Amino acid sequence: MRRKFIKFFSLSLFSFILMPYKFIYAVSKKIINQNLTDEQKNILFNDGTERPFSSSLLHEKRDGFYHCANCDAKLFSSNSKYDSGTGWPSFSESLPGAFKTKVDYSFGMKRIEYHCSNCGAHHGHVFEDGPGENGKRFCNNGLCLIFKPLN
Ligand SMILES: [Zn+2]
């Protein structure tokens, strides 16, 4: 009897502690696409990173646009895509206003994180060793993108 009570008590305490977290999570992150997988949600809303060389978009060379997997906003044109050799889909520039950035100090490194201006979902990091005129390299998780070919 006592044991059951303790078990019940600890379980309720646990869900009570989690409740505000879940609530804040749901309010601050706008999950628009209800079909996102857990892995996509972990990257988009928990600043996760997919395994390098795992994205099917790495070798995508068709003309088209890359959209946010969460909110469908247009983020990159295929014109700016290039093979950086890093194992993540890479772009020399984003479409105007597609992203907002913030400084990320995780893993003891100073990096610039960028997220979708429309829905706030995390997409990747931008570095200063790109091939274009502005020298940018957008290192994007493939799972955060949906490619829509022009033809
Ligand atoms: Zn978005």
request  = Taking every pair of alpha-carbon atoms in region 46-149, give the share separated by more than 18 Å as a whole percent.
outcome  = 42 percent
message = Could you list 54, 80 so that the one with the fewest beta carbons within 10 Å of its beta carbon is first and the one with the most is last?
response = 54, 80
Burial ordering of 102, 61, 81, fewest other beta-carbon atoms within 10 Å first = 61, 102, 81
ask   = Which entries in 41/148; 41/74; 61/110 show an alpha-carbon gap greater than 25 Å?
value = 61/110
key: Neighbour-count order for 144, 71, fewest beta carbons within 10 angstrom listed first   = 71, 144
query = Between residue 133 and residue 46, 0.36 nm times their residue separation minus their Cα-Cα distance comes to what?
reply = 28.2 nm
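Read-outs: derived from the displayed coordinates by stated rules, not from any lab. Only a predicted model underlies this, so the values are computations on that prediction, with no experimental measurement involved. For neighbour counting, all protein chains shown are included, and Cβ atoms are generated from backbone atoms with ideal geometry for every residue, glycine included.
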